[in-house]
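Chemist: Handing you a structure now.
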Amino acid sequence: MSAYDNCFQCGAALGSDDIAINQKLVSRNVKEFMCIDCLAAYYNTTRAAIEERIEYYRKSGECTLFR
Ligand SMILES: [Zn+2]
């Protein structure tokens, strides 16, 4: 367990994909992570759109953040 297991906005528990998409969308060096719902709100998009990005990166197999 790391210090970054919860969304800093709403406190929701985060999985490794959630952490990875934060690093991908926000910054590789991001210290505070958001859950997918809060990321969607932050980027004024939908939860489904974020989940599609996660799926895309995972399937592409090119991003080392998604394994
Ligand atoms: Zn949240």
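Read-outs throughout are calculated quantities, based only on the coordinates presented, and are distinct from any laboratory measurement. The structure presented is a predicted model; accordingly, all values stated were derived computationally and were not measured. Please note: Cβ atoms are built from the backbone with ideal geometry, for glycine as well, and neighbour counts cover all protein chains shown.
Chemist: Would you be so kind as to identify which of Ile19, Phe8, Gly61 lies farthest towards the positive end of the dipole of the chain, taking Lys and Arg as +1 and Asp and Glu as -1 on Cβ and the Cα centre as origin?
Modeler: Sorting the options by dipole projection puts first Gly61.
Chemist: Provide the net charge surrounding Ala48, with neighbours chosen by a C-beta distance below 13 Å and charges set as Lys +1, Arg +1, Asp -1, Glu -1.
Modeler: -2
Chemist: Moving on. Could you compute the net charge surrounding Ala13? Neighbours are other residues with a C-beta less than 14 Å from the C-beta of Ala13; K and R count +1, D and E count -1.
Modeler: -4
Chemist: Only loop residues by DSSP count here, and only those with at most 12 other Cβ atoms within 10 Å; note down the GluC sites (Glu not before Pro) in the chain that meet that.
Modeler: Glu32, Glu62
Chemist: In addition: Given Cβ point charges of +1 (Lys, Arg) and -1 (Asp, Glu) and nothing else, what value in debye, to the nearest 20, does the dipole of the chain about its Cα centre take?
Modeler: So the dipole magnitude of the chain works out to roughly 200 debye.
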